[in-house]
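The structure appears right after this line, and notes come after that.
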Amino acid sequence: MIRIGKKASKVSFPDYESNSSALVKMYLNGEFGKDPNSVNAYAASSFYAVDRYASYMRDWGKMYHEGCIIIADRYTTSNMIHQCSKLPKEQWKNFNKWLNKYTYN
């Protein structure tokens, strides 16, 4: 391990310990349909984005703004990969642009 004098914190998603992951848990448990395609890539990504946003606002956002290095165990890129599997390849670029804008703007 290299020490550079910075604080670091690890976050994991989905945040199963939080109520913010309720829609993610329902989705993964098949409550919206047993077929993964029962929920389109945009809606499913919204479930995960809400969980990430709530975690940021509640838990680690202040640390981030104070200069803490945040190490994320799964974040937006992970969601992109999983949800793109529901879409035809020619839609991946537009979906990824949408999800980046949705998450970071």
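The values are calculated or read from the model by the stated rules, or taken from the named source; none is laboratory data. The structure displayed is predicted, hence computed values, not measured ones. As a convention, Cβ positions derive from the backbone with ideal geometry for all residues, glycine included, and neighbour counts pool all protein chains shown. Areas reflect the complete protein model, heavy atoms only, side chains present, ligands, DNA and RNA absent. Shrake-Rupley method; radii C 1.70, N 1.55, O 1.52, S 1.80 Å.
Listed values, structure above:
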{"quantity": "Surface accessible to a 1.4 Å probe, per residue, for the residues of the chain, Å²", "calculated": "71"}
{"quantity": "Hits among lysines - C-alpha to C-alpha of Lys93 under 24 Å, sequence gap 8 or more where chains match", "calculated": "Lys101"}
{"quantity": "Net charge contributed by nearby residues that have their C-beta within less than 15 Å of Ser46 (K/R +1, D/E -1)", "calculated": "+3"}
{"quantity": "DSSP-assigned coil residues among GluC sites (Glu not before Pro) in segment 23-101, each with at most 16 further Cβ atoms within 10 Å", "calculated": "Glu31, Glu66"}
{"quantity": "Principal axis dimensions, the chain - Cα atoms, whole angstrom, descending", "calculated": "46, 31, 27"}
{"quantity": "Accessible-area composition of the chain, carbon plus sulfur, in percent [1.4 Å probe]", "calculated": "55"}
{"quantity": "Two-decimal Rg to Rh for segment 1-46 - Kirkwood Rh, Cα set", "calculated": "1.24"}
{"quantity": "Other-chain or far-sequence residues with amide H under 5 Å of Ala72's (modelled H)", "calculated": "Val11"}
{"quantity": "With at most 13 neighbouring Cβ atoms within 10 Å, loop trypsin sites (Lys or Arg not before Pro) (DSSP) excluded, longest segment of the chain", "calculated": "35-105"}
{"quantity": "Reach of Lys86 by Cα under 14 Å, taken over aspartates and glutamates that are not fewer than 8 positions away in the same chain", "calculated": "Asp35"}
{"quantity": "Linear extension gain, Tyr53 paired with Ala8, 0.36 nm per residue minus alpha-carbon span", "calculated": "14.3 nm"}
{"quantity": "Set of lysines with alpha-carbon distance to Lys62 below 19 Å, sequence-local pairs under 8 removed", "calculated": "Lys6, Lys7, Lys10"}
